[in-house]
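First the structure, in the form of structure tokens, and then the observations on it.
The values are calculated or read from the model by the stated rules, or taken from the named source; none is laboratory data. As the structure is a prediction and not an experimental result, all values here were calculated from the model. Cβ coordinates were reconstructed from backbone atoms using ideal geometry, including for glycine residues, and neighbour counts include every protein chain displayed.
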Amino acid sequence: MLAIGYWIESVSDRRFPAPQECVGMLPDSTRELLAAYLDSGQVYEKYRGYSSCRFGCGIDHSLMGANDLTDGKWVWPEGLSHYIRVHSVLLPQEFISWVTDRSPIPPASSEKHDFEFWISWGFARKDHKLRNRLRTAAHRHRLRSLNELRDLKRTCTPATPMEAKCHWSGCKSRAAAGKAFCEYHLVSPQAKREHLRGADVPLLSLLNNQ
């Protein structure tokens, strides 16, 4: 089945488009028809976590859904209708024509996602200025995160002989009150890595915080 509506996941993602690159004009009636059609899809695949809006608009993640939907020919993320209704995102004319000319057919669950069409359509809309802004914003976020972690580390003080020492191997800092580790090592290495690469914020909302 042909996949549509899958967005960039990281700054280095060269396959998928950013939704900001796909904004455009459509008649309100057509836009609502598309959104309603997308909402009417049948569940094709379920995921464990909710999606988030790549515009960082603040919508509750549960409203973005955790499933892929299908009509038997096309397959898309459950939250795609949000982008159509709220953020004026466009979709390929081939899909628009399909919606206006055809009715849904039962999904063929044995088929897999085919991203070739969507990647090709998105590549033609790629906005290099936006991509450069995104890379710059991600770099600034990383620098801010590094400074935050350094500040956190500076809050740690060496443990005196009478104080409990952090249990982290090689750390000589005082353990936080009632804890086994110091303030810095209470944050897991994975959480630190995710914070540095911006995994704790909607990727494209970085553009709104420059």
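Scanning region 60-87 for residues that are loosely packed, with under 15 Cβ neighbours inside 10 Å and among the hydrophobic types (A, V, I, L, M, F, W, C), which turns out farthest from the chain's Cα centre (by Cα)? Taking the candidates together, the pick is VAL86.
So, in region 1-15, exactly how many residues are out of contact with any helix residue (DSSP H, G or I) (no Cβ under 6 Å at 6 or more places or on another chain) and within 21 Å of SER88 (Cβ to Cβ)?
Within region 1-15, the subset out of contact with any helix residue (DSSP H, G or I) (no Cβ under 6 Å at 6 or more places or on another chain) is 1, 6, 8-10, 12-14.
Right, trim to within 21 Å of SER88 (Cβ to Cβ) and you get 6, 8.
So the answer is 2.
Just one of (1) under 17 Å from VAL23 (Cα atoms); (2) out of contact with any helix residue (DSSP H, G or I) (no Cβ under 6 Å at 6 or more places or on another chain); (3) touching a residue at least 24 places away in the same chain (Cβ under 8 Å) fails for GLN93. It is (3). Contact map, region 129-149: residues that are farther than 14 Å from ASP13 by Cα paired with residues that are small (Gly, Ala, Ser) and surrounded by 13 or more Cβ atoms within 10 Å (Cβ to Cβ), Cβ distance under 9 Å, separation 6+ or inter-chain. Pairs shown: ALA137/GLY198; HIS141/GLY198; ARG142/GLY198; SER145/GLY198. Filtering region 179-210 to residues that are over 15 Å from LEU152 (Cβ atoms) and modelled with pLDDT of 90 or more leaves only ALA180. So which residues in region 32-55 are free of Cβ contacts under 8 Å to residues at least 40 places away in the same chain and either closer than 20 Å to SER88 by Cα or surrounded by 21 or more Cβ atoms within 10 Å (Cβ to Cβ) (or both)? Within region 32-55, just SER51 meets the criteria.
Could you tell me whether region 152-165 includes any residue that is in the same structural domain as GLU9 (by TED's automatic domain parsing), among the basic types (Lys, Arg) and either under 22 Å from LEU26 (Cα atoms) or at pLDDT 90 or above (or both)? So that I can check it myself, show each step before the final result.
Initially, region 152-165 is screened for residues in the same structural domain as GLU9 (by TED's automatic domain parsing), giving none.
Within region 152-165, none of the residues are in the same structural domain as GLU9 (by TED's automatic domain parsing), among the basic types (Lys, Arg) and either under 22 Å from LEU26 (Cα atoms) or at pLDDT 90 or above (or both).
Suppose the filter is assigned to a loop (DSSP other than H, G, I, E, B) and either more than 21 Å from the chain's Cα centre (by Cα) or not charged (D, E, K, R) (or both); does SER10 pass it? So SER10 passes the test. If the condition is being under 20 Å from THR100 (Cα atoms) and among the polar types (S, T, N, Q), then region 32-82 contributes SER40, GLN42, THR70, SER81.
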